[in-house]
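What follows is a single structure, written as structure tokens, with notes after it.
The values are calculated or read from the model by the stated rules, or taken from the named source; none is laboratory data. Because the structure is predicted, anything quoted here is derived from the model rather than measured. Note: ideal-geometry Cβ built from the backbone for every residue, glycine included; neighbour counts use all protein chains shown.
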Amino acid sequence: MTSSRDTMAHLFSCFDTMYLVLGEGAPTLTNDAYVIRTYEMARAFGEVALRFREHLVDVETEPLAPLADVLRRAISLDNTGAMVLFAMATVIGPRVLVSLRDARETSDLDEPELGIAVHASQVLVQEIRAVGDVAGEQAPIDDPKWQSDAQSLSADLDMGGNAESFGISR
């Protein structure tokens, strides 16, 4: 069993990575609705990361490489922002949710830590839903290359050992 501190530090790394990469990427995007959604998502994940940081106090962490790589790749593949929001809603978000669930079920988290993990899950679900709302207001993307690129993001994580989650102790 992973220690609760290690689990919390790993989850902090997930949210801090999403906050950093989305915040860096948002100003490079061209679709105004997607820019706003990306900034708002980054802010929400930054607030969650801050909760983890405040709980952990003296945590040092690096961006979680597989997560950061997929987000950066999504930003580079489509400067409108559609790809990075797709990645968050269907590739990364679900894997982080599984990581959060696994942390709650397999780690010895105390009540405050469980509260942070539950809050993180709620924020992530809220952000995934918000992506659906903004995407529903945009024209559908009927481009086979775009769709192939989108599928490759998930395949990259699958091949890297992150088929279902970003793990607890990576």
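Structural remarks
Residues checked against (1) in contact (Cβ under 8 Å) with a residue 40 or more places away in the chain; (2) out of contact with any helix residue (DSSP H, G or I) (no Cβ under 9 Å at 6 or more places or on another chain); (3) closer than 22 Å to Pro27 by Cα; (4) not in a helix (DSSP H, G or I):
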{"position": "Phe86", "(1), (2), (3), (4)": "yes, no, yes, no"}
{"position": "Ala89", "(1), (2), (3), (4)": "yes, no, yes, no"}
{"position": "Arg95", "(1), (2), (3), (4)": "yes, no, no, no"}
{"position": "Leu114", "(1), (2), (3), (4)": "no, no, no, no"}
{"position": "Ala135", "(1), (2), (3), (4)": "yes, no, yes, no"}
{"position": "Gln138", "(1), (2), (3), (4)": "yes, no, yes, yes"}
{"position": "Asp156", "(1), (2), (3), (4)": "yes, no, no, no"}
{"position": "Glu164", "(1), (2), (3), (4)": "yes, no, no, yes"}
{"position": "Ile168", "(1), (2), (3), (4)": "yes, no, no, yes"}
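- If the condition is being hydrophobic (A, V, I, L, M, F, W, C) and farther than 18 Å from Gly81 by Cβ, then region 129-170 contributes Ala155, Leu157, Met159, Ala163, Phe166, Ile168.
- Selection from region 4-54 of residues that are among the polar types (S, T, N, Q), modelled with pLDDT of 95 or more and more than 24 Å from Ile141 (Cα to Cα): Ser13, Thr17
- Taking the conditions (1) closer than 15 Å to Asp6 by Cα; (2) at pLDDT 95 or above in turn, Glu105 satisfies each one other than (2).
So that you can scan it fast, the table gives a plain yes or no per residue for (1) surrounded by fewer than 22 Cβ atoms within 10 Å (Cβ to Cβ); (2) within 13 Å of the chain's Cα centre (by Cα):
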site: Gly81; (1), (2): no, no
site: Ala87; (1), (2): no, yes
site: Gly93; (1), (2): yes, yes
site: Arg101; (1), (2): yes, no
site: Ser107; (1), (2): no, no
site: Pro112; (1), (2): yes, no
site: Ala120; (1), (2): no, yes
site: Val123; (1), (2): yes, yes
site: Gln126; (1), (2): yes, yes
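- Failed item in (1) part of a helix (DSSP H, G or I); (2) within 15 Å of the chain's Cα centre (by Cα); (3) under 18 Å from Ser165 (Cα atoms), with Pro63 passing the rest: (1)
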